[in-house]
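A short reminder: the numbers here are calculations on the coordinates, not readings from a lab. On a predicted model such as this, the values are computed, not experimentally measured, just so you know. Here the Cβ is made from the backbone with ideal geometry for all residues, glycine too, and neighbour counts use every protein chain on show.
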Amino acid sequence: MKITKVEPIMCDSAWGVWIFIKVQTDDGVTGYGECSDHRGCTYGLLGCIKDLEKAIIGKDPRQTEQLYAEMYKLARQALGGVALKAIAGIDCALWDIKAKALDVPLYELFGGPQQTKLKVYWGHCGLYRTRIADLMKIPHVKKMDDLYDLGKEVVKKGYSALKTNIMFTGEPSEAALRDNIDAMKQIVSIFREAVGPKIEIAVDLNATFNNNGFISMGKALEQYDLMWLEIDSPSPEALRQLKDSVRIPICSGGILCTSRAFNPFLMKRSMDIAMVEVGGCGFTEARKIAALADVHEIPITPYNAVSHLSTFMTAQLCASVPNVNIMGMDVDGAPWKDEIVTDVPVIKDGFLQLPRKPGIGCELNEKEIAKHPWDGHRG
């Protein structure tokens with residue numbers, strides 16, 4: 001079996017663009033991966049995918065570890081978010097091919113599933129409904145009190161946890177710290193009242209503040225018994241300072257793409273929970289990160305904020321490693337989110353049912369994707 005073509009497939013996501021990878025072989029087996037990026041590096045990713053194709057064209061796609069190393073070597077002079085993200089998307093497609101060629105779900109290549117259902121939380125809960133509800137054609141959250149109804153929806157749909165963000169202050173980075181703290185306290189209070197004491201709540205602050213701001217926000221939220229406070233930090237020392245300063249579990253790692261990048265954070269015990277995004281790391285590296293975190297007795301929480309394809313790949317990771325805390329996915333999305341794939345995640349009583357089909361368990365519907373071309377403006 002040889003790789004004959006590596007092709008990016010673009011699809012409008014209502015607020016950006018989903019970037020899929022299609023890898024074709026001379027045996028007729030096709031693999032799909034995803035490396036979506038909504039924050040302005042789309043053309044860089046497309047160019048990088050084209051560059052990486054030359055490292056793997058004509059080679060056996062089942063040699064996943066070797067091909068990851070070949071792509072990494074080719075990009076070693078320009079490693080970073082774009083290059084590693086492009087490698088990740090191709091890597092996921094190669095694993096899809098390998099498992100399909102063996103006619104088994106991907107997790108079977110690693111000794112079979114360690115769990116048959118995966119506890120899952122509702123990510124970005126409320127954020128899209130305050131900012132882009134019209135684009136996604138979802139209920140509009142116009143004021144704080146509307147979050148109460150959303151919280152009830154989380155409970156009704158069976159989720160046992162949610163993760164939310166700063167809302168109602170405009171761009172958080174442009175608002176005063178005190179305004180953001182006040183808004184976040186109200187948001188968490190309303191969600192807690194709506195979901196009751198048993199549903200867990202996490203707060204994601206991304207990279208909005210400097211470390212002093214994170215510490216101030218963390219101290220203000222200590223009273224709410226959060227599942228975790230999530231921070232995107234490039235500094236293990238700063239993150240450890242935050243972890244030592246607040247009485248909330250600290251989750252981080254969403255901007256880190258390799259086990260090498262995670263290592264200093266884990267060595268310094270800068271995080272209580274490691275955030276792993278398969279679409280940014282690739283399946284090969286995500287398993288290494290999970291193993292490294294497990295050595296340090298730190299759980300991982302794999303997360304997907306893009307299409308269902310990545311949710312399926314994330315589920316394959318969760319099923320194949322022992323130290324998963326909880327899996328995250330965005331419930332809200334573009335109206336055509338379900339139509340562009342052959343299978344959608346099955347959530348029952350707050351758990352995602354493990355996919356059973358060969359490969360990652362999900363295919364792209366390319367005809368449906370063609371109905372939603374990316375216009376080049378968002379993302």
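Taking 8 Å as the Cα distance limit and 6 or more residues as the minimum spacing, I'd like the relative contact order of the range 222-364 as a percentage. Can you show the working numbers first?
Numbers: 224 pairs, mean separation 24.4, N = 143.
Over the range 222-364, the number comes to 17 percent.
Report the charge-dipole magnitude of the chain in Debye, nearest 20, computed about the Cα centre from +1 at each Lys and Arg Cβ and -1 at each Asp and Glu Cβ.
Magnitude of the dipole: close to 360 debye.
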Distance violations [Cα-Cα > 23 Å] among Lys22/Lys157; Lys2/Lys54; Lys22/Lys85; Lys73/Lys268: Lys22/Lys157; Lys73/Lys268
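Quick check on the chain: of the DSSP beta bridges with both residues there, what percent are antiparallel, nearest 5%? It would help to have the intermediate numbers written out before the result.
On the way: 20 of 44 bridges.
Given both bridge residues lie in the chain, the antiparallel proportion sits at roughly 45 percent.
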P(r), alpha carbons of the range 238-322 - 5 Å bins starting at zero, rounded %: 3, 16, 28, 24, 16, 9, 4, 0
log10 of Debye I(q)/I(0), alpha-carbon scatterers only, for the range 228-378 at 0.17 Å⁻¹: -0.97
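Once every DSSP H run of n ≥ 4 in the chain is given -39500 (n - 2.57) and the sum is divided by its residues, what mean residue ellipticity at 222 nm do you get, rounded to the nearest 500 deg cm²/dmol? It would help to have the intermediate numbers written out before the result.
Values: 14 runs with 150 residues, N = 379.
After summing the helix terms and dividing by residue count, I get -12000 deg cm²/dmol.
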The range 322-379 - Rg (one decimal) and Dmax (whole number), Cα, Å: 14.3, 41
D (Stokes-Einstein, µm²/s), Kirkwood Cα radius, the chain, 1.002 mPa s at 20 °C: 102 µm²/s
At 0.890 mPa s and 25 °C, Stokes D of the range 3-105 from Kirkwood alpha-carbon radius, µm² per second: 181 µm²/s
Relative counts (whole %) of C-alpha pair distances in the range 53-116, using bins that are 5 Å wide: 4, 17, 25, 20, 15, 11, 7, 2, 0
Net dipole in debye of the range 49-106 [+1 Lys, Arg Cβ; -1 Asp, Glu Cβ; about Cα centre; nearest 20]: 140 debye
Cα lying deepest toward the dipole's positive end in the range 108-353, options Ala334, Leu242, Asn165, charges on Cβ: Leu242
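Only four residue types carry charge here, +1 at the Cβ of Lys and Arg and -1 at the Cβ of Asp and Glu. Report the dipole size of the range 69-149 about the Cα centre in Debye, rounded to the nearest 20. If you can, show how the numbers build up before the last one.
Details: 12 positive and 9 negative charges, 43 e Å.
Taking the Cα centre of the range 69-149 as origin, the dipole is about 200 debye.
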Calculated Rg and Dmax of the range 159-294 using C-alpha coordinates, Å: 15.1, 42
